[in-house]
1. Just the residues that are in contact with a Lys or Arg (Cβ under 9 Å, 6 or more places away or on another chain), more than 16 Å from the ligand (Cβ to nearest atom) and assigned to a helix (DSSP H, G or I), please, taken from segment 239-257.
2. Answer with yes or no whether Gly292 is small (Gly, Ala, Ser) and at pLDDT below 95.
3. Report yes if Leu222 is in contact (Cβ under 8 Å) with a residue 24 or more places away in the chain, within 14 Å of the chain's Cα centre (by Cα) and within 16 Å of the ligand (Cβ to nearest atom), otherwise no.
4. Considering each residue of segment 111-133, count those that are charged (D, E, K, R) and surrounded by 12 or more Cβ atoms within 10 Å (Cβ to Cβ), and give that number.
5. Taking Asn288 as meeting all but one of (1) within 17 Å of Val38 (Cβ to Cβ); (2) in a loop (DSSP other than H, G, I, E, B), write down the number of the exception.
6. When you check Tyr217 against the structure, is it within 11 Å of the ligand (Cβ to nearest atom) and either within 17 Å of Cys56 (Cα to Cα) or modelled with pLDDT of 90 or more (or both), yes or no?
7. List every residue pair whose Cβ atoms sit under 8 Å apart, with the two residues 6 or more apart in sequence or on different chains, where the first one lies in segment 296-315 and is over 14 Å from Ser329 (Cβ atoms) and the second, anywhere, is aromatic (Phe, Trp, Tyr) and more than 8 Å from the ligand (Cβ to nearest atom).
8. Cβ-Cβ under 6 Å, sequence separation 6+ or interchain: first residue in segment 69-90 and touching a residue at least 12 places away in the same chain (Cβ under 8 Å) and under 23 Å from Pro15 (Cα atoms), partner of a type outside the set (A, V, I, L, M, F, W, C) and loosely packed, with under 15 Cβ neighbours inside 10 Å. Which pairs?
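The values are calculated or read from the model by the stated rules, or taken from the named source; none is laboratory data. As the structure is a prediction and not an experimental result, all values here were calculated from the model. Cβ sites come from the backbone with ideal geometry, for glycine too, and all protein chains shown count toward neighbours.
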Amino acid sequence: MDPLIRVEGLKKLFPVRKGLHSMIFSRKAEYVHAVDGVSFTISKGEIFGLAGESGCGKTTTGRLLLRLVEPTEGSVYFEGEDIFSLSGRELMRKRREMQMIFQDPYKSLDPKKTVKDIINEPLSIHKIGKNRREKLEIIYEMLEAVKLTPPEDYLFKYPHELSGGERQRVAIARAIILKPKFIVADEPVSMLDVSIRASILDLMIELKDKFNLTYLYITHDLSVASYLCNKLAIMYLGKLVELGATLDLVKDPLHPYTKMLISAVPVPDPTYKREEIRIRGEVGNPINPPPGCRFHPRCPFATDKCREIEPDFNEVKDGHFVACHLFQS
Ligand code: SF4
């Protein structure tokens with residue numbers, strides 16, 4: 001498959017705001033290492049999952065891919081074009097092709113606007129639709145595509161009059177109305193009731209096929225990722241630690257951190273036994289990440305080498321990459 005997105009050496013360090021006391025007694029600038037040298041490609045038509053615990057850098061990575069934040073270093077190529085080199089109209093044109101679905105449909109929709117105005121906004125910004133009638137036809141088409149039917153029942157409702165699932169459907173309609181090629185979906189079902197999560201995920205799969213979409217799906221939930229994604233990357237403290245085809249990675253995880261995440265996913269079969277990895281401690285400090293392998297303070301297999309030398313991110317099987325000394329000679 002052709003790559004739609006190519007990410008090379010992407011880094012984002014956020015400066016730490018200091019209080020007066022720290023400014024007087026420490027001159028050293030400090031940074032949060034949110035994303036720290038990440039590279040991967042997303043093929044056309046793929047659902048690429050990016051998973052990890054809170055604070056691992058997955059949301060910042062998604063925002064960098066859409067250039068909603070500027071990088072400290074690195075490049076993101078969209079169909080071969082470096083999005084960080086674009087400005088003005090070129091960037092506006094590219095933005096039509098890349099959209100985002102946010103985690104919280106309560107916050108991402110303007111409470112003072114009706115569904116019609118919310119979905120119409122991208123059409124107005126990008127001057128799409130010759131007249132009101134043509135715009136309304138596009139809005140109807142989108143509401144039908146996200147299964148808010150009949151559309152006339154929803155057009156003049158405000159977000160507070162909708163359920164959580166309906167709100168997320170409006171947010172999805174707004175994201176796809178410009179017929180983008182690429183969507184970053186940042187935990188789009190994590191705020192919804194369990195009973196409606198599956199219907200939103202099924203809708204996303206249906207829309208992907210209907211509109212030839214490619215997704216970056218950000219999640220902390222590996223059961224959702226294994227249901228939805230063709231490829232999966234695991235992130236820890238700003239770095240990728242494992243990447244591969246989802247089935248391969250879930251069945252045969254290599255990195256101890258991935259094993260830990262997978263062993264925490266419940267299996268609906270009491271007779272099924274799998275390797276359990278007990279990890280100690282909590283995620284490290286992204287302002288001062290551990291030297292060597294960033295996972296070493298929590299890893300039951302850590303050696304002196306792990307504490308000193310950062311492992312490379314190597315391909316150990318066909319298309320399966322891992323950053324761990326256990327898989328390096
Ligand atoms: Fe554990 Fe060492 Fe592998 Fe890091 S490099 S995951 S500390 S074994």
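1. Passing the criteria: Thr246, Asp248.
2. Working: small (Gly, Ala, Ser): yes; at pLDDT below 95: no.
In short, no.
3. Numbers: in contact (Cβ under 8 Å) with a residue 24 or more places away in the chain: yes; within 14 Å of the chain's Cα centre (by Cα): yes; within 16 Å of the ligand (Cβ to nearest atom): no.
Here the answer is no, as Leu222 does not meet what is asked.
4. Step one: of segment 111-133, the residues charged (D, E, K, R) are 112-113, 116-117, 121, 127, 130, 132-133.
Still in the running and surrounded by 12 or more Cβ atoms within 10 Å (Cβ to Cβ): 113, 116-117, 121.
Selection size over segment 111-133: 4.
5. (1)
6. Working: within 11 Å of the ligand (Cβ to nearest atom): no; either within 17 Å of Cys56 (Cα to Cα) or modelled with pLDDT of 90 or more (or both): yes.
So Tyr217 does not fit the description; no.
7. Within 8 Å, the pairs are Phe313/Phe321.
8. As it stands, the answer is Gly74/Gly9; Ser75/Asp82, since those pairs meet every condition given.
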